[in-house]
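So the structure is just underneath, and the comments pick up after that.
The values are calculated or read from the model by the stated rules, or taken from the named source; none is laboratory data. Note that the structure is predicted; figures quoted are calculated from it, not measured. Note that we place each Cβ from the backbone using ideal geometry, even for glycine, and neighbour counts take in every protein chain shown.
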Amino acid sequence: MLVSDELSHLHAKGELVNRYYNPGNVFDEVHILLTNADQVDPATVGFVVGEAKLHVHALGGSSFFWNLSPRFISRLRGYVQRAVNLIRSIEPALLRSYDVGLHAFIAAQAGRALGVPFVLSLHGNPDLDFRALTPWWPQWRRRAVLSLHRHLERATLRRADVVAAVYTPIVSYAQRLGARDVRVLYNVLNPDIIVQKSSYALHEPPRLLSVGRQHKAKTPEAIIRALAHLDHVSLTLVGMGPLHEHLKQVAQECGIASRVAFVPAIPNYHLVKSLPDYDLFVAHNVYVGVAKAVLEPLLAGLPVIVSKRAGVPNPELDGDWVLSVNNTPDDYAAAIRYLLSDESRRAALGRRAAAYAARYHPRITEQAYADLYQELLSKTQRRLA
């Protein structure tokens with residue numbers, strides 16, 4: 001498994017879930033290669049591979065991948081070759097990367113060199129989520145790097161035996177760049193505890209929940225400001241990011257700081273278990289698709305309010321199982337007021353959400369990935385027989 005995230009950071013934030021890197025316990029031994037210098041004790045995060053033995057290898061810093069430098073190509077080649085040599089010594093039966101990037105490019109090169117099947121799990125559309133949202137001026141340097149990376153994305157997607165798109169809108173991007181076999185396989189949620197909301201009676205005061213990284217693309221600022229138009233409503237914000245302190249200041253300025261709880265991190269197990277204890281889930285996200293943080297409340301039957309992204313089809317959120325609004329304080333306030341005023345509305349929306357999201361149930365998605373692994377491993381065995 002090739003991963004760009006720091007496992008220790010994900011563990012500290014409580015985002016890691018059981019068997020995420022070994023769905024269905026298909027493998028007896030799992031090696032995770034990190035394209036960073038993170039140092040993590042495999043014993044503390046071993047649950048991510050279920051019953052398998054976990055090995056973690058940190059390949060070292062890769063900041064050059066995001067810099068314009070005359071030495072970019074030579075450094076890329078050296079880094080990739082070193083990684084491929086390590087993978088060769090491991091003798092893997094299958095390679096998987098999580099999203100496109102340097103780690104995925106390494107997996108593609110290793111798969112080709114070793115004749116090993118490679119599964120690319122695609123979690124976004126860089127054309128829509130990054131390039132389209134990054135103007136050439138004044139962010140010309142980052143925009144140039146993003147344009148350069150598109151060539152590596154194309155090479156990676158063309159090499160993958162299967163591209164597992166975690167939601168529908170990114171399928172066209174993968175196909176456009178030459179992916180051979182693209183399948184929609186939703187992200188695996190916490191496989192061990194999904195608690196269904198059973199009562200839609202309001203808490204006193206009513207409880208709102210919003211979960212997500214607090215940066216420009218996902219900022220809940222308009223949600224916070226909406227609270228100034230709503231009496232006796234509380235909001236819990238789970239997450240961190242560069243806007244964290246700014247958002248606290250916004251709550252102070254709006255005179256609602258006492259009604260907004262900022263929770264930097266919470267273990268995913270506890271978060272999922274607590275979902276039925278809230279009345280509404282509210283989220284803003286300019287990225288295309290449906291985030292894991294939204295899938296979880298949908299599956300739990302919690303009524304969900306999400307922001308629209310104009311002009312971009314979003315099948316997983318374009319339906320009557322969510323309430324879509326513009327990202328303005330007035331629109332959020334109106335939607336929240338509309339749902340809080342009628343228990344039957346909340347119940348109907350929550351039950352439609354749960355019925356729709358049943359296709360995302362961890363038992364289904366985990367088994368889908370396990371079946372995919374077994375399919376590719378069987379093909380390899382038949383080819384070698």
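Go through the stretch 30-67 and count every residue that is among the charged types (D, E, K, R) and either touching a Leu at 6+ places or on another chain (Cβ under 8 Å) or crowded, with 18+ Cβ neighbours inside 10 Å (or both). Number satisfying all stated conditions: 1.
Against the conditions (1) within 19 Å of the chain's Cα centre (by Cα); (2) among the charged types (D, E, K, R); (3) part of a loop (DSSP other than H, G, I, E, B), Glu296 satisfies every one except (3). Take the residues of the stretch 44-79 that are of a type in the set (A, V, I, L, M) and in contact with a Lys or Arg (Cβ under 8 Å, 6 or more places away or on another chain): which is farthest from Tyr20 (Cα to Cα)? Ranking the candidates gives Leu68 first.
Screening Ser341 against (1) surrounded by fewer than 18 Cβ atoms within 10 Å (Cβ to Cβ); (2) closer than 29 Å to Lys216 by Cα leaves a single unmet condition, (2).
For the stretch 188-209, the set of residues classified as modelled with pLDDT under 95 and either touching a strand residue (DSSP E or B) at 6+ places or on another chain (Cβ under 8 Å) or hydrophobic (A, V, I, L, M, F, W, C) (or both) consists of Val188, Leu189, Ile193, Ile194, Val195, listed by residue number. For Ser198, the criteria (1) part of a loop (DSSP other than H, G, I, E, B); (2) touching a residue at least 60 places away in the same chain (Cβ under 8 Å); (3) crowded, with 18+ Cβ neighbours inside 10 Å hold in every case but one, which is (3). Can you pull out every residue in the stretch 218-234 that is in a loop (DSSP other than H, G, I, E, B) and surrounded by fewer than 17 Cβ atoms within 10 Å (Cβ to Cβ)? If the condition is that a residue be in a loop (DSSP other than H, G, I, E, B) and surrounded by fewer than 17 Cβ atoms within 10 Å (Cβ to Cβ), then Asp231, His232 are the ones that fit. State whether the residues of the stretch 170-191 include one that is aromatic (Phe, Trp, Tyr), within 24 Å of Trp66 (Cα to Cα), in a helix (DSSP H, G or I) and under 20 Å from the mean Cα position of the chain (by Cα). Yes, the stretch 170-191 contains at least one residue that is aromatic (Phe, Trp, Tyr), within 24 Å of Trp66 (Cα to Cα), in a helix (DSSP H, G or I) and under 20 Å from the mean Cα position of the chain (by Cα).
The condition (being assigned to a loop (DSSP other than H, G, I, E, B) and touching a strand residue (DSSP E or B) at 6+ places or on another chain (Cβ under 8 Å)) is satisfied by just one residue among Val286, Val290: Val286. Tally the residues that are part of a loop (DSSP other than H, G, I, E, B) and either surrounded by 12 or more Cβ atoms within 10 Å (Cβ to Cβ) or acidic (Asp, Glu) (or both), restricting the search to the stretch 235-257. Qualifying residue count, the stretch 235-257: 6.
Can you pull out the residues in the stretch 258-292 that are surrounded by 17 or more Cβ atoms within 10 Å (Cβ to Cβ) and of a type in the set (Ser, Thr, Tyr)? Selection gives Tyr278, Tyr287. Beta carbons closer than 9 Å, at least 6 apart along the sequence or on distinct chains, never pair a first residue in the stretch 49-71 that is not assigned by TED's automatic domain parsing to the domain that holds Ala83 with a second that is modelled with pLDDT of 95 or more. For Leu16, the conditions (1) crowded, with 17+ Cβ neighbours inside 10 Å; (2) part of a helix (DSSP H, G or I) all hold with the exception of (2). Here is the figure for the stretch 39-58: residues that are in contact with a strand residue (DSSP E or B) (Cβ under 8 Å, 6 or more places away or on another chain), within 16 Å of His9 (Cβ to Cβ) and either in a loop (DSSP other than H, G, I, E, B) or of a type outside the set (A, V, I, L, M) (or both) total 3.
Considering (1) within 30 Å of His55 (Cα to Cα); (2) part of a helix (DSSP H, G or I); (3) touching a residue at least 12 places away in the same chain (Cβ under 8 Å); (4) of a type outside the set (S, T, N, Q), say which one Val100 fails and leave the rest. The single condition Val100 does not satisfy is (2).
Of the residues Ala113, Ala132, which single one is exposed (fewer than 15 other Cβ atoms within 10 Å of the Cβ) and at pLDDT below 95?
Ala132
The residue list Tyr356, Tyr338 contains one member that is over 30 Å from Asp161 (Cα atoms) and of a type in the set (Phe, Trp, Tyr), which is Tyr338. The single condition from (1) on the phi > 0 side of the Ramachandran plot; (2) under 23 Å from the mean Cα position of the chain (by Cα) that Lys218 fails is (1).
Going by the conditions given, is Ala261 touching a strand residue (DSSP E or B) at 6+ places or on another chain (Cβ under 6 Å), over 25 Å from Ala348 (Cβ atoms) and not in a loop (DSSP other than H, G, I, E, B)?
Against the criterion (touching a strand residue (DSSP E or B) at 6+ places or on another chain (Cβ under 6 Å), over 25 Å from Ala348 (Cβ atoms) and not in a loop (DSSP other than H, G, I, E, B)), Ala261 qualifies.
Looking at Val49, Val45, Val30, which one is under 21 Å from Thr365 (Cα atoms), of a type in the set (Val, Ile, Thr) and in contact with a His (Cβ under 8 Å, 6 or more places away or on another chain)? Sole residue among the options that is under 21 Å from Thr365 (Cα atoms), of a type in the set (Val, Ile, Thr) and in contact with a His (Cβ under 8 Å, 6 or more places away or on another chain): Val30.
The sole residue among Arg82, Arg88, Arg112 that is part of a helix (DSSP H, G or I), farther than 30 Å from Arg183 by Cα and either not assigned by TED's automatic domain parsing to the domain that holds Val290 or not aromatic (Phe, Trp, Tyr) (or both) is Arg82.
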